[in-house]
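Scroll down for the structure; my scribbles are underneath it.
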Amino acid sequence: MEFHRTKRLPPYVFEEINRTKAKLRKNGVDIIDFGMGNPDLPTPAHILDKLKETAEADRTNRYSASRGIPGLRAAHARYYKRRFGVDLDPDSETIVTLGSKEGFANLAQAITAPGDVVLAPSPSYPIHTFGFLIAGGTIRHVHAPTPEDYLAGLEHAVQHSVPKPIAIVVCYPSNPTAQTATLEYYEKVVRFAERHDILILSDLAYSEIYFGDTPPPSMLQVEGAKERTIEFTSMSKTYSMAGFRVGFAAGSQRLVAALARVKSYLDYGAYTPVQVAACAALDGPQDCVDEARAIYKLRRDVLVESFGRAGWPVPAPEASMFAWAPLPPGCEEMGSLEFSKALMQEAGVAVAPGIGFGEHGEGFVRLALVENEQRIRQAARKVAGFLKTRQPKLRAV
């Protein structure tokens, strides 16, 4: 027998991909892995030095603070002021989480009553929907091929949802689609939320990975946003600290307090040396962020160019560490899951099937920029060979 909450969860699509990947690797197959957004860049040395120094100090091995140590909350507030021009009270408007994913899931537990409706984009990162399903809520998916389409869909969804939704999820730069949003767009979102008296849950995990001249804005820059918005950020990609599990939530005092109350029952916060190292990351030299951004941009350019020559046109993402690509010519009828399995089994290249990000992700796959340029070009050659087997007419020409 399944348990009540697990019955509400569909089979995890990525688990099927992971099983296939593990089996192939066990048999000695070299997998070029674009499937998971797991940063391969090294954590900057000054962050590791602070981690080691603090780990060797007295009493740092004891329980930490569920809300995060005061110094890290203050460092996060300084980051928001420096980067976005937003003032945050470190004591009431920011909280440290065990990564943004944990923060999002526990916020869902904090604010969701059985049957509450939350509007989320489709496609979207899984925790944006499953967190609320686990908490007993109901998700209404809104097709989000573009930010503008998502906003228009929200208007329709609010008018046709019973009961009225309690919150909307916004994620730009988007995981998985890599789309971006402007400050003007965020202003429209805030005014929409004010008209309908609903909360805004903003995921800004990829705020520092962008490839144009304009950095992604924060929802909290909009006048009045802080009254009803909580925004999640993460150290994972910006500083290559994914395994450290440090993220933040900031904004509405009411929402931050709700999250803090739930977390106080569940954890004692991240290991203190990890939090001190995160302070060193936020307050220290930021050239490491610029360097990481440049590496991801180079990888993006190599991926788009080499895969395009291989016969798979991949749109160039404006931000994030992902590319969101339609299935290549000749493979559309396979569906994203079967295509992903076949590509891995026959070519040794792993991607994330779009169906794993919601029904409107079908027909696409996500590619993470976590392999170096040489491996990307190697993957492109494998992709070219794979596509020839799916396009006999083109091969004959």
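The values are calculated or read from the model by the stated rules, or taken from the named source; none is laboratory data. Not measured: the values here are computed from a predicted model. Positions of Cβ are backbone-derived with ideal geometry, glycine not excepted, and every protein chain shown enters the neighbour counts. Ligands, DNA and RNA are stripped out before the accessible areas are found, and what is left, the full protein with its side chains, is counted by its heavy atoms. Shrake-Rupley method; radii C 1.70, N 1.55, O 1.52, S 1.80 Å.
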Among the listed residues GLY153, GLY103, GLY137, which satisfies the condition of being touching a strand residue (DSSP E or B) at 6+ places or on another chain (Cβ under 9 Å), without any contact (Cβ under 8 Å) to a residue 24 or more places away in the chain and not aromatic (Phe, Trp, Tyr)? GLY153
Is it the case that ARG82 is open to solvent by 70 Å² or more (accessible area, probe 1.4 Å) and more than 30 Å from PRO114 (Cα to Cα)? yes
For the subset of the range 188-221 comprising residues that are in a strand (DSSP E or B) and hydroxyl-bearing (Ser, Thr, Tyr), which member is nearest to the chain's Cα centre (by Cα)? SER202
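For ASP149, state whether it is charged (D, E, K, R), over 18 Å from the mean Cα position of the chain (by Cα), surrounded by fewer than 24 Cβ atoms within 10 Å (Cβ to Cβ) and closer than 26 Å to SER236 by Cα. Lay out the reasoning, then the answer.
On the way: charged (D, E, K, R): yes; over 18 Å from the mean Cα position of the chain (by Cα): yes; surrounded by fewer than 24 Cβ atoms within 10 Å (Cβ to Cβ): yes; closer than 26 Å to SER236 by Cα: no.
Considered against the rule, which asks whether it is charged (D, E, K, R), over 18 Å from the mean Cα position of the chain (by Cα), surrounded by fewer than 24 Cβ atoms within 10 Å (Cβ to Cβ) and closer than 26 Å to SER236 by Cα, ASP149 comes out as no.
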Tally the residues that are open to solvent by 20 Å² or more (accessible area, probe 1.4 Å) and of a type in the set (Gly, Ala, Ser), restricting the search to the range 215-250. 3
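In this structure, does GLY71 turn out to be outside any helix (DSSP H, G or I) and not aromatic (Phe, Trp, Tyr)?
It is false that GLY71 is outside any helix (DSSP H, G or I) and not aromatic (Phe, Trp, Tyr).
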Conditions (1) surrounded by fewer than 18 Cβ atoms within 10 Å (Cβ to Cβ); (2) closer than 30 Å to ARG83 by Cβ; (3) among the charged types (D, E, K, R); number of the one not met by ARG366: (1)
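Quick one: in the range 164-187, which of the residues that are surrounded by fewer than 16 Cβ atoms within 10 Å (Cβ to Cβ) and of a type outside the set (Val, Ile, Thr) is farthest from the chain's Cα centre (by Cα)? Spell out how you get there, then give the answer.
First pass over the range 164-187, keeping only residues surrounded by fewer than 16 Cβ atoms within 10 Å (Cβ to Cβ): 164, 182-184.
Filter once more, so that each one left must be of a type outside the set (Val, Ile, Thr): 164, 183-184.
Details: LYS164: 27, LEU183: 20, GLU184: 22 Å.
Out of the qualifying residues, it is LYS164.
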Taking interchain pairs and intrachain pairs at least six residues apart, which have beta carbon atoms under 9 angstrom, with the first residue in the range 322-346 and within 22 Å of ASP301 (Cβ to Cβ) and the second open to solvent by 40 Å² or more (accessible area, probe 1.4 Å) and small (Gly, Ala, Ser)? ALA323/ALA316
Any residue in the range 192-205 that is touching a residue at least 40 places away in the same chain (Cβ under 8 Å) sitting within a Cβ distance under 7 Å of a residue that is open to solvent by 10 Å² or more (accessible area, probe 1.4 Å) and small (Gly, Ala, Ser)? List the pairs, counting only those 6 or more apart or interchain. ASP203/SER100; ALA205/SER100; ALA205/SER234
State the number of residues belonging to the range 273-306 that are among the hydroxyl-bearing types (Ser, Thr, Tyr) and touching a helix residue (DSSP H, G or I) at 6+ places or on another chain (Cβ under 7 Å). 1
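Could you please give the count of residues in the range 11-58 that are among the aromatic types (Phe, Trp, Tyr) and in a helix (DSSP H, G or I)? Walk me through it before giving the result.
First, the residues of the range 11-58 that are among the aromatic types (Phe, Trp, Tyr): 12, 14, 34.
Filter once more, so that each one left must be in a helix (DSSP H, G or I): 14.
Residues meeting the conditions: 1.
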So in the range 39-56, with the set limited to residues that are open to solvent by 50 Å² or more (accessible area, probe 1.4 Å) and out of contact with any Gly (no Cβ under 9 Å at 6 or more places or on another chain), which one is farthest from ASN175 (Cα to Cα)? GLU56
Which residues, taken from the range 238-269, are in contact with a helix residue (DSSP H, G or I) (Cβ under 8 Å, 6 or more places away or on another chain), in a loop (DSSP other than H, G, I, E, B) and either among the hydroxyl-bearing types (Ser, Thr, Tyr) or at pLDDT below 95 (or both)? THR238, TYR239, SER240, SER252, GLY269
Looking at (1) in a helix (DSSP H, G or I); (2) open to solvent by less than 10 Å² (accessible area, probe 1.4 Å), which one does PRO328 not meet, given that it meets all the others? (1)
Counting only residues that are in a helix (DSSP H, G or I) and of a type in the set (Gly, Ala, Ser), which one in the range 130-168 is farthest from ALA113 (Cα to Cα)? ALA152
Name the single residue, out of those in the range 285-306 being under 28 Å from LEU48 (Cβ atoms) and without any contact (Cβ under 8 Å) to a residue 60 or more places away in the chain, that is surrounded by the fewest Cβ atoms within 10 Å (Cβ to Cβ). ASP287
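When you scan the range 308-316, do you find a residue that is under 24 Å from PRO173 (Cβ atoms) and surrounded by 16 or more Cβ atoms within 10 Å (Cβ to Cβ), even just one? Explain how you work it out, then say what you get.
As a first pass, look at the range 308-316 and keep what is under 24 Å from PRO173 (Cβ atoms): 308, 312-316.
Add one more test, that the residue is surrounded by 16 or more Cβ atoms within 10 Å (Cβ to Cβ), and what stays is 312, 314.
Yes; the residues of the range 308-316 include at least one that is under 24 Å from PRO173 (Cβ atoms) and surrounded by 16 or more Cβ atoms within 10 Å (Cβ to Cβ).
Just for the range 100-123: of the residues that are part of a loop (DSSP other than H, G, I, E, B) and closer than 23 Å to GLU194 by Cβ, which one is least open to solvent (accessible area, probe 1.4 Å)? Steps first, please.
We begin by selecting, within the range 100-123, every residue part of a loop (DSSP other than H, G, I, E, B); these are 112-116, 123.
Now drop any that are not closer than 23 Å to GLU194 by Cβ, which leaves 112-113, 116.
On the way: THR112: 19, ALA113: 44, ASP116: 34 Å².
Only one residue fits best here, namely THR112.
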Out of curiosity, is ASP33 within 30 Å of PRO285 (Cβ to Cβ), in contact (Cβ under 8 Å) with a residue 12 or more places away in the chain and among the acidic types (Asp, Glu)? no
So ALA242, is it small (Gly, Ala, Ser), under 30 Å from ALA45 (Cα atoms) and touching a residue at least 12 places away in the same chain (Cβ under 8 Å): yes
Identify all residues within the range 13-30 that are over 17 Å from PHE339 (Cβ atoms) and in contact (Cβ under 8 Å) with a residue 60 or more places away in the chain; write none if there are none. VAL29, ASP30
